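Structure below; questions to follow.
Nothing in this text is a laboratory measurement; each read-out follows from the coordinates by a stated rule. Values in this document were obtained by computation on a predicted structure and should not be read as measured data. With ideal geometry, Cβ positions are generated from the backbone for all residues, glycine too; neighbour counts draw on all protein chains shown.
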Amino acid sequence: MVILGIETSCDETALCILEVKGHGENFEYKIRGNIVHSQIELHKEYGGIYPALAKREHIKNLPILFEQIKKEAGITEKEIEAIAVTEGPGLEPALWTGIAFAEELKKLHGIPLFPINHMEGHIVSTLLSDSKPHLEFRKLKPFALPALAVLLSGGHTEIVDIQALGAYKVIGRTRDDAVGEAFDKVARMLGFSYPGGPQISVLAEQTRNENLPKTITLPRPMIHSKDLNFSFAGLKTAVLYLLQNTPVITDEIKKEISREFEDAVTEVIISKTKEALEAAEYGTLVIGGGVIANKHIREAFEKLASHFTIPLYLPVSGLSGDNALMIALAGALTATNPASKTKGPSGIKARGNLSLES
Ligand code: KG4
Ligand code: ZN
């Protein structure tokens, strides 16, 4: 089956053509084309994603990228046998553009269209060992269930119990800001352009390498709460007060704040994941979402997983951020599942607040 994946939930216009065969343990995939077009340069001046601009850009980009990906994959439009599109969560004006594009193709070619939860995409993306097109079929990484997923993105921070693909229970979530959002807000306070998460991690690493003594202490919010929930708003406010009480904000202070902020976030996330791993038996630990591009957090998870001797799946390069390969894969797993009765519902709606449990 050749499946087209479409992702437009935020500021990336992404398309993927994935060829798959078999199901269950015999499932194999071949990436025929994978394009991620980021609009980030256009949104920078707004200090965040501007939904109306994202919508306009997706509408402009989709037909151009569609021509490009057919060429990259070496297929004609008629060879596409199914479509998978992100229905949520995300920015509704942006989501609608991908859905409208998908509905149009579905009507034109009479092929099934599967609505995909973006966060499920981040989960299954960790099962892939590549993000670039390749010539032969490959297998997914073995997925021992039940699995625990930790999703860390700009809009979400969730700990998810996975009994089976599609059977998700969110057992921990943020009460306020998502972790990526906290990174970006603190980065903004330090004068870095959007999205500043990567910039903080660069400074934090420099500071660690220079072995500078710690002179700043930030809180570890909810680290001792008896649940798996998070709160990052207080941490962001603590940085704000610290900056307000600092007469001259030097580059050295920015570096120290970056390291201490990254340490605080990492300790809280690792502590909650540890609690979840102690509370139940899991066969796999998967980490998804844009924030897992962060080297320090990745290394902390590697240490934790080796302590529990549990297989750890992190997205490979090119798959931690938003992409359509993860959407195509989630669609393909649904489409090829013999137990799946759906050929795709009619009339997909954008669902900005879609949960993994719905
Ligand atoms: O999953 P994603 O690409 O988009 C959403 O669905 O939200 O995540 C984007 C988030 C942004 O907040 C960005 O600052 C953060 O991931 N991010 C990072 C790093 N790279 C991306 N945060 C910390 N360290 C990084 N290296
Ligand atoms: Zn995402």
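Which whole-number percent is the relative contact order of the range 264-358 (Cα, under 8 Å, 6+ apart)? Intermediate values should be presented prior to the final figure.
Working: 53 pairs, mean separation 24.6, N = 95.
Taking the mean separation of contacting Cα pairs over the length of the range 264-358, I get 26 percent.
So what is the 222 nm mean residue ellipticity for the chain from helices alone, if each DSSP H run of at least 4 adds -39500 (n - 2.57) and you divide by all residues, rounding to the nearest 500 deg cm²/dmol?
Numbers: 10 runs with 144 residues, N = 358.
Result for the chain: -13000 deg cm²/dmol, rounded to the nearest 500.
Could you compute how fast the range 1-112 diffuses translationally, taking Rh as the Kirkwood radius over C-alpha pairs and applying Stokes-Einstein at 25 °C with viscosity 0.890 mPa s? Give it in µm² per second.
169
Quick test of the membrane-span-like rule: which DSSP H helices of the chain reach at least 24 Å along their long axis (C-alpha atoms) with mean Kyte hydropathy at least -1.0? Walk me through the numbers on the way to the answer.
Values: long enough: 51-73 (31 Å, -0.47); 92-109 (25 Å, -0.06); 251-279 (42 Å, -0.56).
Qualifying helices: 51-73, 92-109, 251-279.
Contact order normalised by length for the range 1-63, with contacts defined as Cα pairs under 8 Å and 6 or more residues apart; what percent is it?
Values: 89 pairs, mean separation 18.1, N = 63.
Here the relative contact order equals 29 percent.
Let me ask something additional. Over the Cα atoms of the range 56-160, each weighted equally, I'd like the Debye log10 I(q)/I(0) at q = 0.19, 0.20, 0.22 Å⁻¹, rounded to two decimals.
So the normalised log intensities work out to -1.25, -1.31, -1.37.
Would you kindly calculate the translational diffusion coefficient of the range 224-352, applying Stokes-Einstein with the Kirkwood radius from alpha carbon pairs, for 25 °C and a viscosity of 0.890 mPa s, and quote it in µm² s⁻¹ without decimals?
Working: Rh = 18.3 Å.
After rounding, the answer is 134 µm²/s.
Then there's this: Please work out the FRET efficiency for the pair Thr215 and Glu302, using the Cβ-Cβ distance as r and a Förster radius of 35 Å; give the result to the nearest 0.05. Walk me through the intermediate numbers first.
Details: r = 28 Å, r/R0 = 0.81.
FRET efficiency, Thr215 to Glu302: 0.80.
Also, quick follow-up: Long-range amide H contacts for Val286: which residues qualify at under 5 Å (H placed 1.01 Å from N, peptide plane, sequence gap of 5 or more or a different chain)?
Under 5 Å from the amide H of Val286: Leu148, Ala149, Val150, Tyr313.
I would also like to ask the following. Please report the net charge: other residues with Cβ closer than 11 Å to the Cβ of Ala149, K and R +1, D and E -1.
Result for the neighbourhood of Ala149: -2.
Relative contact order for the range 181-275 using alpha-carbon pairs under 8 Å, separation at least 6, rounded to a whole percent?
Numbers: 94 pairs, mean separation 35.4, N = 95.
Taking the mean separation of contacting Cα pairs over the length of the range 181-275, I get 37 percent.
With N denoting the number of residues in the chain, provide Rg(C-alpha) divided by 2.2 N^0.38 Å, to two decimal places.
In units of the 2.2 N^0.38 Å rule of thumb, it is 1.00.
Which order do the peptides 137-146, 282-291, 242-251 come out in when sorted by mean C-beta neighbours inside 10 angstrom, highest first? Present the calculation step by step, with values, prior to reporting the outcome.
Values: 137-146: 13.7, 282-291: 23.8, 242-251: 10.2.
Descending packing order for the listed peptides: 282-291, 137-146, 242-251.
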